[in-house]
Amino acid sequence: MNGTPAPDNAASQGGRGDRSPGQALQEAAKRHMWLHFTRHSSYANADVPIITRGEGQYVYDQHGKRYLDGLAGLFVSQIGHGRVEVAEAASRQAAELAYFPLWSYAHPRAIELAERLANYAPGDLNRVFFTTSGSEAVESAWKLAKQYFKLTGQSSRYKVLSRTIAYHGTSHGALAVTGLPDIKIPFEPLPPGGVRVPNTNFYRAPEFVADDVVAFGGWAADEIERAILREGPESVAAIYLEPVQNSGGCFPPPPGYFQRVREICDEYGVLLVSDEVICAFGRLGYMFGSERYGYQPDMITFAKGVTSGYAPLGGMIVRDYLMEPYLKDQTSFLHGVTFAGHPVSCAVAMANLDVFEKEDLLGNVRSHEAAFRATLEKLNDLPIVGDIRGDGYFYGIEMVKDKTTRETFDDAESERLLRGFLSHALFDAGLICRADDRGDPVIQLSPPLTCTQEHFDEMEQILRSVLTQAWSRL
Ligand SMILES: Cc1ncc(COP(=O)(O)O)c(C=O)c1O
């Protein structure tokens, strides 16, 4: 830090000798860090949790306490922590070629990774445009679609559909696609064109389809058609859907849902963007979530698990026809970012995917997912557990006040339950997961793909004990 230090800053730098390195780190965290999506007031009288190292399915804090990483960091650490071979791949690449841009140039690791991703991806998804994050991928897909339609004589198409409560990132464009009003309002006005359609939360399905998941899925898909017709098909560019919607607590697609969506997209010339920032790279037991549910996207957006977090990387994989107008004459996609497809990140992604193949991690998820579900479903005997839903290694547990009526908590109760108790209690009990009330209150689990029964049992036992305490406090 340059410039004249503020007096309290001087105080925090001086006298470090009186404090342990751990205390100094804690104080510096409180004084200088600005944490994402964090109420800093909650750390006024409490320590900031400082995670210092990871090994396998576990991470350790600055006091050496161990936590089961039930969220894979933030839906990221597919292969788990502490993989020396991946760290070494990063080191080798940094020594060979640390950086070069993808603006007019290519480098071997980006080429190899693009080819590998295209081979994994369904159908003719053959072109890879790298970014550094999921938000950038979502944003890039929207820009690609808008310019594509301008190039192909449909310049009135710019709107994007997405589902209620869905999270698609935080940059202005990605936020316009996101369906969570609370995180949008402070930043309005956002780019115009975001349109909401229903999500696939069957637990909260409208009454007329509440007993029939297939009819519910048909209704939810048909709502997309109605939204396209309402907006005017000539104005709609794309729809963004996650294979399993994360936000709101893991909503899998009803059978037939994506097939009907594909038909609608084909009928009205709307691009289907499968936002797989969470659902790709084994989260659902397949390289891509769209494979699991048998649909062909026009674009896949990805990030997170492509490197298991050993370096940042994101991107989009697009079908051949979307690139065609960009291959002619003087045309180019007028978009790029400095660190996209960073050589070290691409080398890390290749080493990460090598681990997937060597250890058959997709096979591990497929062979253990039924046991994971069955273990979590034991929690159904608790009065606070309303619904347990998800697929693969990706689950949400919805909490309710009344199991029979499915009555949820009001805002004050939710605040007391989630922020006042559950988040801290689960962490203190040694489980990293997510207690979230962006929709109805849920706990989310998304562990490393290396987890087996012993880890499922550990999650179940901690959840049972903490949820039992939560109920007794209500
Ligand atoms: C489905 C989806 N899209 C986009 C994003 C944004 O990704 P990032 O945080 O890397 O910008 C996320 C992040 O969780 C996500 O879950």
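The values are calculated or read from the model by the stated rules, or taken from the named source; none is laboratory data. Note that the coordinates shown come from a computational prediction; the quantities given were computed from them, not determined experimentally. Cβ sites come from the backbone with ideal geometry, for glycine too, and all protein chains shown count toward neighbours.
Some values worked out for this structure:
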read-out: Index of the failed condition, residue 294 passing every other in (1) out of contact with any strand residue (DSSP E or B) (no Cβ under 8 Å at 6 or more places or on another chain); (2) small (Gly, Ala, Ser); (3) under 23 Å from residue 100 (Cα atoms); value: (3)
read-out: Residues located in the range 114-159, provided they are away from the ligand (no atom under 13 Å from the Cβ), part of a helix (DSSP H, G or I), charged (D, E, K, R) and under 27 Å from residue 285 (Cβ atoms); value: 115, 116
read-out: Test result for residue 344, over 23 Å from residue 167 (Cβ atoms), part of a helix (DSSP H, G or I) and of a type outside the set (Gly, Ala, Ser); value: yes
read-out: Qualifying residue in the range 353-361 (condition: buried (at least 24 other Cβ atoms within 10 Å of the Cβ), under 20 Å from the mean Cα position of the chain (by Cα) and of a type outside the set (A, V, I, L, M)); value: no
read-out: Where residue 426 falls short, out of the listed (1) among the aliphatic types (A, V, I, L, M); (2) crowded, with 19+ Cβ neighbours inside 10 Å; (3) more than 29 Å from residue 79 (Cα to Cα); value: (3)
read-out: Criterion: in contact with a helix residue (DSSP H, G or I) (Cβ under 7 Å, 6 or more places away or on another chain) and surrounded by fewer than 16 Cβ atoms within 10 Å (Cβ to Cβ) - qualifying residue of 97, 68; value: 97
read-out: From 194, 173, residue being within 13 Å of the ligand (Cβ to nearest atom) and crowded, with 18+ Cβ neighbours inside 10 Å; value: 173
read-out: Residue 200 being in contact with a helix residue (DSSP H, G or I) (Cβ under 9 Å, 6 or more places away or on another chain) and over 30 Å from residue 325 (Cβ atoms); value: yes
read-out: Lone qualifier among 332, 274 - being crowded, with 19+ Cβ neighbours inside 10 Å, small (Gly, Ala, Ser) and free of Cβ contacts under 8 Å to residues at least 60 places away in the same chain; value: 274
read-out: Any chance residue 162 is within 11 Å of the ligand (Cβ to nearest atom) and either among the aliphatic types (A, V, I, L, M) or modelled with pLDDT of 95 or more (or both); value: yes
read-out: From the options 211, 222, 182, residue that is surrounded by fewer than 17 Cβ atoms within 10 Å (Cβ to Cβ) and within 21 Å of residue 386 (Cα to Cα); value: 211
read-out: Cβ pairs under 6 Å, 6+ apart, first in the range 59-81 and touching a residue at least 12 places away in the same chain (Cβ under 8 Å), second of a type in the set (Lys, Arg) and not in a loop (DSSP other than H, G, I, E, B); value: 71/434; 75/304; 76/304
read-out: Looking only at the range 24-52, and only at residues there that are out of contact with any helix residue (DSSP H, G or I) (no Cβ under 9 Å at 6 or more places or on another chain) and assigned to a helix (DSSP H, G or I), the one that is surrounded by the fewest Cβ atoms within 10 Å (Cβ to Cβ); value: 41
read-out: Residue list for the range 272-300, restricted to those being within 16 Å of the ligand (Cβ to nearest atom) and among the hydrophobic types (A, V, I, L, M, F, W, C); value: 272, 273, 277, 278, 279, 280, 281, 284, 288, 299, 300
read-out: Residues of the range 176-186 satisfying the condition of being farther than 19 Å from residue 274 by Cβ and either within 15 Å of the ligand (Cβ to nearest atom) or in contact (Cβ under 8 Å) with a residue 40 or more places away in the chain (or both); value: 180, 182, 183, 184
read-out: Hits in the range 403-419 (condition: farther than 20 Å from residue 203 by Cα and surrounded by fewer than 10 Cβ atoms within 10 Å (Cβ to Cβ)); value: 412
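Residues checked against (1) away from the ligand (no atom under 16 Å from the Cβ); (2) at negative phi; (3) among the β-branched types (Val, Ile, Thr):
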{"site": "74", "(1), (2), (3)": "no, yes, no"}
{"site": "79", "(1), (2), (3)": "yes, yes, yes"}
{"site": "91", "(1), (2), (3)": "yes, yes, no"}
{"site": "97", "(1), (2), (3)": "yes, yes, no"}
{"site": "112", "(1), (2), (3)": "yes, yes, no"}
